[in-house]
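Engineer: Pasting a structure here, questions to come.
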Amino acid sequence: MDTIILGIESSCDDTSAAVLKNGVLLSSVIASQAVHEAYGGVVPELASRAHQQNIVPVVHEALKRAGVCKEQLSAVAFTRGPGLMGSLLVGVSFAKGFARALGIPMIDVNHLQGHVLAHFIKESEDDNRQPRFPFLCLLVSGGNSQIIRVNAYNRMEVLGQTIDDAAGEAIDKCSKVMGLGYPGGPVIDRLARQGNPLAYTFSKPHTPGLDYSFSGLKTSFLYSLRDWLKDDPDFVAHHQEDLAASLEKTVVDILMDKLRKAVKATGIREVAVAGGVSANTGLRNAFHEHAAKYGWNIFIPKFGYTTDNAAMIGITGHFKYQDKDFCTIDQPAYSRVSL
């Protein structure tokens with residue numbers, strides 16, 4: 001019998017719904033919120049209000065595109081956390097009510113687990129390009145920078161993580177200091193393609209083990225820029241491409257240095273990257289370079305699966321459905337949690 005999962009994701013500022021049949025993606029719909037750009041970051045209250053407006057039409061459109069009626073669904077999978085509490089509550093409440101009305105199981109999904117398992121989304125029956133267990137996954141986003149050993153879909157071990165800022169957060173803040181707007185990641189990526197990555201040098205942390213730190217880089221960038229602006233008030237306008245390229249190189253070097261150590265320590269050469277920062281061109285290039293140099297078998301997600309999306313929630317729900325790992329209706333959303 002076919003397993004058809006409706007996935008719902010509402011952890012931050014994107015309302016998303018997806019439908020998967022036996023692990024194969026039938027549809028994926030995302031409604032983004034442009035309102036936050038004017039504030040230089042996500043405003044939680046505005047985000048939750050937009051989710052309330054978007055959740056019903058997004059789910060309706062996902063079912064329509066998949067050619068599936070709600071009575072055919074096997075279960076509803078939803079992001080339970082971590083994320084913004086107001087945003088999560090919209091998705092969690094809708095999923096509970098929808099599943100209860102249909103009399104089908106609810107499956108709660110850890111948002112971070114979903115990012116890691118995005119590599120298992122199939123777009124066709126013969127799509128078999130997935131990592132083999134165990135594999136290492138570099139999870140990098142605006143809120144997370146972690147090296148994870150993935151032993152099974154439901155057994156993950158964090159080998160190293162940021163002790164302060166995440167990589168994506170550091171990039172966004174440096175972009176904001178440069179006056180490039182929010183979100184900074186895509187802007188820095190675009191400018192970096194035209195700049196010299198060796199033009200400027202910024203501080204790199206010396207953290208023990210496999211843990212990351214990006215607060216020092218952020219401070220180094222801020223103080224350096226302050227000094228340069230004293231001599232040339234238009235310094236950013238004149239050198240933004242080189243600044244972006246040098247910032248990107250520093251972040252990528254920090255990420256890959258610890259990942260190389262993790263590969264050496266574990267002996268695992270199946271290496272994946274996930275999360276919003278995995279869309280960065282410099283990081284993707286570094287993965288290809290390391291694959292050629294060190295013999296890694298790498299897995300890089302399609303751009304549509306790097307940011308928050310319901311397809312990754314749906315595939316996680318698919319795995320949990322096989323194990324009948326369901327959620328009771330009294331389970332609350334949570335804003336903070338680790339893998």
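Read-outs: derived from the displayed coordinates by stated rules, not from any lab. From a predicted model like this one, the values you see are computed outputs, not experimental measurements. Cβ coordinates were reconstructed from backbone atoms using ideal geometry, including for glycine residues, and neighbour counts include every protein chain displayed.
Engineer: Determine the distance separating the Cα centre of the stretch 169-244 from the Cα centre of the stretch 41-113; give it in Å without decimals.
Structural biologist: Cα centres, the stretch 169-244 to the stretch 41-113: 36 Å.
Engineer: Further question on the same structure: Give the peptides 49-61, 260-272, 239-251 in descending order of average Cβ contacts within 10 Å, highest first.
Structural biologist: So the peptides 49-61, 260-272, 239-251, ranked by packing, come out 239-251, 49-61, 260-272.
Engineer: While we're looking at this one, here's another question. Order these peptides, 7-13, 164-170, by their mean beta-carbon neighbour count within 10 angstrom, highest first.
Structural biologist: 7-13, 164-170
Engineer: As a test of the formula, what do you get for the chain when each DSSP H run with n ≥ 4 contributes -39,500 (n - 2.57) and the sum is divided by the residue count, at 222 nm and rounded to the nearest 500 deg cm²/dmol?
Structural biologist: -14000 deg cm²/dmol
Engineer: Okay, moving on. What percent does the relative contact order of the chain come to when contacts are Cα pairs within less than 8 Å and at least six residues apart?
Structural biologist: 24
Engineer: Which far-off residues, 5 or more places away or on another chain, put their amide H under 5 Å from the one on CYS327, with H placed in the peptide plane?
Structural biologist: Counting only residues 5 or more places away or on other chains, the set is MET106, ILE107, ASP108.
Engineer: How would you rank 174-185, 313-324, highest first, on the average number of other Cβ atoms within 10 Å across their residues?
Structural biologist: The peptides rank, most packed first, as 313-324, 174-185.
Engineer: Please list 3J(HN,Hα) in residue order for the stretch 148-162, calculated via the Karplus relation 6.51 cos²θ - 1.76 cosθ + 1.60 where θ = phi - 60°; whole Hz, with x for glycine and proline.
Structural biologist: 10, 8, 9, 8, 7, 4, 10, 10, 10, 10, 7, 8, x, 7, 5
Engineer: Right, something else. Can you list which of the chymotrypsin sites (Phe, Trp or Tyr not before Pro) found in the stretch 62-102 are DSSP loop residues with at most 12 other C-beta atoms within 10 Å?
Structural biologist: none
Engineer: Using each residue's phi in the stretch 218-230, evaluate 6.51 cos²θ - 1.76 cosθ + 1.60 at θ = phi - 60° and report the 3J(HN,Hα) Karplus result to the nearest Hz, with x for Gly and Pro.
Structural biologist: Here the 3J(HN,Hα) series is 4, 5, 4, 5, 4, 5, 5, 5, 4, 5, 5, 5, 5 Hz.
Engineer: Collect residues whose amide H, placed 1.01 Å from N in the peptide plane, falls under 5 Å from the amide H of ALA272; neighbours closer than 5 in sequence don't count.
Structural biologist: The list, which skips near neighbours in sequence, is LEU136, CYS137, LEU138, PHE299.
Engineer: Right, next: Can you list the lysines whose alpha carbon sits under 22 Å from that of LYS230, skipping same-chain ones fewer than 8 residues off?
Structural biologist: Answer for LYS230, where 22 Å is the Cα cut-off: LYS173, LYS176, LYS218, listed by chain and number.
Engineer: Quote the charge dipole size of the chain about the Cα centre in Debye, to the nearest 20; the model charges only the Cβ of Lys and Arg (+1) and of Asp and Glu (-1).
Structural biologist: So the magnitude is around 700 debye.
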